[in-house]
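The values are calculated or read from the model by the stated rules, or taken from the named source; none is laboratory data. Since we're looking at a predicted model, the values are computed, not measured. Note: ideal-geometry Cβ built from the backbone for every residue, glycine included; neighbour counts use all protein chains shown. All accessible areas refer to the heavy atoms of the entire protein, side chains included, with ligands and DNA or RNA removed. Shrake-Rupley method; radii C 1.70, N 1.55, O 1.52, S 1.80 Å.
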Amino acid sequence: MMDNKCTFAILTGGGDAPGLNAVIRGAAKTFLNNGCKVYGSINGFNGLVNGKLEPLDYKRISGILPRGGTILGTTNRDNPFRFAVHNEKGLVFEDRRQMVLDNLKKHNIEALVVIGGDGSLAIGAQLARECGVNVVGCPKTIDNDILGTERTFGFDTAMSAATDAIDRLHTTAESHHRVMVLEVMGRYAGWIALHSGIAGGADVILLPEIPYQIDKVIEKIEARKAAGKSFSIVVVAEGAKPVGGELSVARVVKESFDTIRLGGAGEKVAKAIEEMTGIESRNTTLGYLQRGGTPTAFDRVLATRYGVVAAESCLKGEYNVMMSLQDDQIKAVDLQIAGSGSRNVPLDFELIRVGRELGISFGD
């Protein structure tokens, strides 16, 4: 075990997710209980660039376990290797890695715990690879799409929120004899749509991994109508697109880790259904309601486990790894894996087969 007088830092980067505070608490308490000093980087990598590092003590992390969001703040726009700066020339991007290194050295920080999604973890991996920074990553995203782990914290809470929304839409759909469409998050992966759709009893689930044919969607809705079922529930992942079609893009944010903002897929499907069937159809976009609020018990436990084991890895001097859930055990995998791609729903995934057996249409 490392000298107990070492100093470590924790940051949360990218979009917020339920369970971030549980990771911060788990890691910070483990460091403090082992006699170490620990800092929190304010607003993700921005804090490392601008030297905004605050000490974390027992009082600072008290009571944060059930809280959503992150007490450290976060941003998805401050990549130190491509730091957005507004000057007289407009928006320009500068390499601020040296400022990060200077601030880490100033505070004698031995290693950095990066809690984030694929964008934040990719930056952490680059700091380790190109700058020699000791980094340990914790996989965070409601999308559940990070390579190298079976589950990210935040996903269970988002899935529960989406399932609750489907339950609520059922009553309105049945009462008004409508088709109710629910657009959920997930970027280019359909984990939220698939799990919530199965849990909520959806009739159609459209995933990014399975380009849909609108005729197949209509076929399912018409078949339900012919069987005396006057309503249908359709769950659409924000990254779903028709065969040969394009993604529904809401806007582009140049200075963000992820420049493309998806949105509009559900509205497109609802409009097509109403035009082709004459059945009143309405879309609900769940949006940020999936990312906020109190984390579920599962996410609190998983996030706490990630935080504790990440701190243990630092104390052992085992760096440049990411915490991973595999067979219900937290293990370390190569940090470089995290930012190397997206973990999508396999076409032979059991839940897709289960859905088909239940009669759910995937639009194919």
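For this structure, a couple of remarks:
- The number of residues in the stretch 285-306 that are closer than 21 Å to Lys241 by Cα, touching a strand residue (DSSP E or B) at 6+ places or on another chain (Cβ under 6 Å) and open to solvent by less than 50 Å² (accessible area, probe 1.4 Å) comes to 1.
- Any hit, the stretch 269-289, residues being within 27 Å of Gly68 (Cβ to Cβ), outside any strand (DSSP E or B) and among the small types (Gly, Ala, Ser): yes
- Verdict on Ala189 being part of a loop (DSSP other than H, G, I, E, B) and within 25 Å of Gly119 (Cα to Cα): yes
- Residue list for the stretch 31-54, filter: over 18 Å from Thr70 (Cα atoms) and out of contact with any Ser or Thr (no Cβ under 8 Å at 6 or more places or on another chain): Phe31, Leu32, Asn33, Asn34, Gly35, Val49, Asn50, Gly51
- Residue ID - nearest to the chain's Cα centre (by Cα), chosen from residues in the stretch 343-363 that are surrounded by 16 or more Cβ atoms within 10 Å (Cβ to Cβ) and over 23 Å from Asp299 (Cα atoms): Ile352
- Boolean, Asn79 is open to solvent by 30 Å² or more (accessible area, probe 1.4 Å), in contact (Cβ under 8 Å) with a residue 24 or more places away in the chain and either closer than 25 Å to Asn21 by Cα or under 14 Å from the mean Cα position of the chain (by Cα) (or both): yes
- Among the conditions (1) open to solvent by 50 Å² or more (accessible area, probe 1.4 Å); (2) closer than 13 Å to Val269 by Cα, the only one that Glu219 does not satisfy is (2).
- Test result for Ser340, buried (at least 18 other Cβ atoms within 10 Å of the Cβ), within 21 Å of Ile123 (Cα to Cα) and not hydrophobic (A, V, I, L, M, F, W, C): no
- Considering residues of the stretch 320-337 that are in a loop (DSSP other than H, G, I, E, B) and farther than 15 Å from Ala122 by Cα only, the residue most open to solvent (accessible area, probe 1.4 Å): Asp327
- Within the stretch 143-161, the set of residues being more than 17 Å from Ile330 (Cα to Cα) and of a type in the set (S, T, N, Q) comprises Thr157, Ser160.
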